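Student: Can you keep this structure in mind? I'll have questions shortly.
Any read-out appearing in this document is the output of simple, stated calculations on the displayed coordinates, not a laboratory observation. Remember, it's a predicted structure, so these values are computed and weren't measured experimentally. For neighbour counting, all protein chains shown are included, and Cβ atoms are generated from backbone atoms with ideal geometry for every residue, glycine included.
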Amino acid sequence: MKAHDGMYIDGAWRPAAGRDTIPVVNPADEQVIAEVPAGGAEDVDAAVRAARAALPAWAATAPAERAARIAALRDVLVARKDEIAETVTAELGAPLPFSQAVHAGVPILVAGSYAGLAASYAFEEKVGNSTVYAEPVGVVGAITPWNYPLHQIVAKVAPALAAGCTIVLKPAEDTPLTAQLFAEAVHEAGVPAGVFNLVTGLGPVAGQALAEHEGVDLVSFTGSTAVGRKIGATAGAAVKRVALELGGKSANVILPSADLAKAVGVGVANVMGNSGQTCSAWTRMLVHTSQYDEAVALAAEAAAKYGDRIGPLVNAEQHARVRGYIERGVAEGARLVAGGPEAPREQGYFVSPTVFADVTPEMTVAQEEIFGPVVSLIRYEDEDDALRIANGTVYGLAGAVWAGDEAEAVAFARRMDTGQVDINGGRFNPLAPFGGYKQSGVGRELGSHGLAEYLQTKSLQF
Ligand code: NAD
């Protein structure tokens with residue numbers, strides 16, 4: 001596949017300071033499809049300097065012009081959506097229809113939403129005898145994971161551009177080609193040199209150098225809680241703004257009045273999409289004891305139907321990790337009703353859609369983020385029991401509630417310790433704030449709440 005052998009810094013592709021490279025592997029057939037440079041502290045420093053130099057002019061650019069550049073970026077993403085989908089499929093392994101609809105489609109929606117918000121946001125307001133200005137935070141260090149490679153980039157870069165910030169992006173090592181394609185799109189959209197910069201590289205090298213760089217004003221990180229904790233500590237020590245979008249272990253709560261078949265079917269599909277590599281996936285399905293056996297049968301059937309339509313996991317390490325979790329579930333007494341730890345194919349990092357029944361809330365598969373196509377059915381006795389189980393993990397990123405009556409579902413959702421809840425299968429809204437309670441993170445992405453993360457306020461009194 002096409003790959004740049006340099007970094008996108010100050011509006012041009014430049015050779016990396018060192019010679020190290022990172023191989024990019026297609027997880028469906030385990031073949032190396034490209035190599036990208038493994039940047040280090042020197043590359044990060046050059047990118048941060050470029051971003052800092054570009055900051056005054058971009059921050060002073062009228063919001064309408066920033067909006068026009070984001071709209072142009074959206075248009076390039078639309079024009080190149082097939083190429084984006086093919087690239088994501090090649091390096092992440094997602095089936096092409098899913099890459100087209102979600103991996104290429106959602107970033108177009110999000111970029112479009114920020115073109116609108118940049119033009120309409122109140123960057124200035126009157127409060128009594130004061131004028132309050134929302135000003136850009138400055139240089140943003142964005143560190144992103146591989147599971148939604150373009151969405152997670154756009155969810156940071158679009159609001160940062162709208163706010164008037166400049167950016168250095170360090171994408172995940174598994175999916176750098178999508179990030180390079182995005183840098184091309186930014187260039188084509190006419191975003192001025194230095195406003196957006198890309199450094200590919202390893203997390204503990206390039207990522208850490210970016211998080212620690214004193215020329216960065218805000219670190220926006222999406223990834224694991226373990227790395228997020230480190231980045232939060234580094235940012236705290238430097239008294240630097242930080243946004244953390246971390247892991248999840250979300251509950252899908254099916255109340256007895258719900259349409260059980262629909263709730264189970266949508267719930268299983270929610271976990272299997274992207275091969276279970278979704279931080280907000282509803283990996284714990286909570287079912288009333290009176291409907292439990294029926295839900296188990298429906299879930300097993302839904303997972304079996306998924307069969308071959310599921311893509312591989314991203315890499316060999318995740319493949320081993322997820323299969324290890326399935327073995328752990330069996331060892332702790334959960335009952336496999338679909339899938340299992342055996343690799344279904346000889347080649348590629350595939351795991352079968354897996355359903356566990358008889359899962360108790362304290363089991364490892366009910367507490368830890370598996371990040372694979374595994375759903376656990378947990379039995380509850382009454383609503384308070386369901387709430388206790390739903391809230392009984394260190395995470396609080398997302399969730400779902402199903403009930404016959406919307407008001408009943410809303411009343412339950414309001415008691416959940418989580419940042420986002422879908423009611424009876426609610427649709428994706430690119431303007432709805434997304435982010436975690438508890439150890440799922442700090443801050444929000446998307447919509448005006450996401451934009452506010454990249455702004456700081458100044459008040460003038462008259
Ligand atoms: P990860 O934390 O290992 O890596 C994420 C990014 O951080 C990568 O770019 C990586 O190179 C970089 N990184 C790694 N070590 C670093 C360090 N010491 N300093 C700076 N940067 C470093 O996570 P992952 O395995 O790539 O992604 C999966 C995780 O991401 C899951 O836990 C998932 O739940 C989480 N996630 C959360 C969200 C969300 O919005 N809350 C979205 C997607 C993924």
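Student: What does the highest-first list of 93-104, 40-51, 318-329 look like by mean Cβ count within 10 Å?
Tutor: 40-51, 93-104, 318-329
Student: Against the longest principal axis of the chain, how steep is helix 260-272, in degrees 0 to 90 to the nearest 10, with axes from Cα atoms?
Tutor: Result, in degrees: 50.
Student: May I pose another question? At a threshold of 8 angstrom on Cα-Cα distance, excluding pairs fewer than six apart, so keeping six or more, what relative contact order does the chain reach in percent?
Tutor: That works out to 18 percent.
Student: Also: In straight Cα distance, which lysines are under 16 Å from residue 126, not counting same-chain residues fewer than 8 positions off?
Tutor: 458
Student: For the chain, find the longest principal axis of its Cα atoms and tell me its angle to the long axis of helix 149-163, 0 to 90°, nearest 10.
Tutor: 40 degrees
Student: Moving on. Step through the table entries 170/262; 81/262; 230/438; 249/305; 2/170, compare each Cα-Cα distance with 28 Å, and write down the pairs that go over it.
Tutor: 170/262; 81/262
Student: Still on this model: Per residue, what volume in Å³ does the convex hull of the Cα atoms of region 251-430 enclose?
Tutor: Cα-based convex hull of region 251-430, divided per residue, equals 106 Å³.
Student: Relative contact order for region 106-172: what is it in percent, counting Cα pairs under 8 Å that are at least 6 residues apart?
Tutor: Value for region 106-172: 40 percent.
Student: Could you state the angle between the C-alpha long axis of helix 105-120 and the longest principal axis of the C-alpha atoms of the chain, as a value from 0 to 90 degrees rounded to the nearest 10?
Tutor: With rounding to tens, the tilt is 50 degrees.
Student: Starting from the 7 Å offset along Cα-to-Cβ, what nm value, one decimal, do you get for the label separation of residue 5 and residue 83?
Tutor: Reported label-point gap for residue 5 and residue 83 is 2.0 nm.
Student: Per residue and in cubic angstrom, what volume does the convex hull of the Cα atoms of region 186-299 have?
Tutor: 175 Å³
Student: Which of 146, 402 has the fewest other C-beta atoms within 10 Å, and how do the rest follow up to the most?
Tutor: The fewest-first ordering by Cβ neighbours comes to 146, 402.
Student: What is the Cα centroid distance between region 349-371 and region 177-246, reported in whole angstrom?
Tutor: 31 Å
Student: For residue 201, which sequence-distant residues (separation of 5 or more, or a different chain) have an amide H within less than 5 Å of its own amide H, given hydrogens modelled in the peptide plane?
Tutor: The list, which skips near neighbours in sequence, is 39.
Student: Here's another thing I want to ask about it. Between residue 33 and residue 289, what is the spin-label point distance in nm, taking each point 7 Å from the Cα along the Cα→C-beta axis?
Tutor: Distance between the two pseudo-spin positions: 5.0 nm.
Student: Follow-up. May I ask you to derive the relative contact order of region 251-430, considering only C-alpha pairs under 8 Å and at least 6 residues apart, and to give it as an integer percent?
Tutor: Reported relative contact order: 28 percent.
Student: The chain: D in µm²/s via Stokes-Einstein (Kirkwood Rh, Cα pairs, 37 °C, 0.692 mPa s)?
Tutor: Estimated diffusion coefficient is 145 µm²/s.
Student: Tell me, Kirkwood radius of region 225-266 from alpha-carbon pair distances, in Å?
Tutor: 13.5 Å
Student: How would 1, 7, 363 line up from fewest to most surrounding beta-carbon atoms within 10 angstrom?
Tutor: 1, 363, 7
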